[in-house]
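Here the structure is laid out as structure tokens; the discussion comes afterwards.
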Amino acid sequence: MSDLSIDLHWHRDVPAFEPGKYSAEHIVRYNNSYAVQADAAPDWGGKPENTNPEQALASALSSCHMMTFLALAAKAKWPVASYHDHAVAHLGKNPKGQMSVTRIDLHPVVRFDTGFSIDHKTLEEMQDRAHRYCFIANTLADSVVINIL
């Protein structure tokens, strides 16, 4: 199977390394070309304009789910015109009392070519299939909720 990687770079920007007195801001580079400015979530002292790991996790899930849905829809010959999602990572304590992403909600909105429609139940079934086949969802197990509008 494939090995997929990123490069992460952080450096200290203050003289002394002490709790609460350094920045977690760092760069995540994809494929030696595309770089994302990342940080801790704002609640943990990160800059709100930077991406944080919790958002990146929600993004990975949303992206994987969409690609899986599109592959299944293409096989079913559904003429998908657009796909939009608003993914939300919820932070909280897991059953062990540790901070974690306790749930990720996806809110996919699918539009089809004019003249084509699918009933809500059939769309839900296809979204459920996409969830079951998505690599990232399979990694996260039971912490994903798909809300079809």
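The values are calculated or read from the model by the stated rules, or taken from the named source; none is laboratory data. Here the structure is a predicted model, which means the values were calculated and not measured. Here the Cβ positions follow ideal geometry from the backbone for every residue, glycine too, while neighbour counts run over all protein chains shown.
Observations, loosely collected:
- Filter result for the condition that a residue is hydrophobic (A, V, I, L, M, F, W, C) and in the same structural domain as Arg12 (by TED's automatic domain parsing), over Ala38, Ala71, Ala58, Ala76: Ala38
- Filtered by the rule that a residue be over 15 Å from the mean Cα position of the chain (by Cα), of a type in the set (Gly, Ala, Ser) and modelled with pLDDT of 95 or more, region 58-107 gives Ala71, Ala73, Ala74, Ala76, Ala81, Ser82.
- For region 34-57, the set of residues classified as charged (D, E, K, R) and buried (at least 17 other Cβ atoms within 10 Å of the Cβ) consists of Asp39, Glu54, listed by residue number.
- Against the conditions (1) closer than 19 Å to Arg12 by Cα; (2) under 18 Å from the mean Cα position of the chain (by Cα); (3) surrounded by 13 or more Cβ atoms within 10 Å (Cβ to Cβ), Ala24 satisfies every one except (2).
- Residue in region 27-46 that is farther than 27 Å from Asp85 by Cβ and of a type in the set (Lys, Arg) present: no
- Selection of region 114-131 for residues being surrounded by 11 or more Cβ atoms within 10 Å (Cβ to Cβ) and among the basic types (Lys, Arg) yields only Arg129.
- Count of region 100-149 residues, restricted to those that are free of Cβ contacts under 8 Å to residues at least 24 places away in the same chain and closer than 16 Å to Ala56 by Cβ, is 2.
- Here Arg111 meets each of (1) exposed (fewer than 15 other Cβ atoms within 10 Å of the Cβ); (2) farther than 19 Å from Gln55 by Cα; (3) out of contact with any strand residue (DSSP E or B) (no Cβ under 8 Å at 6 or more places or on another chain) with one exception, condition (3).
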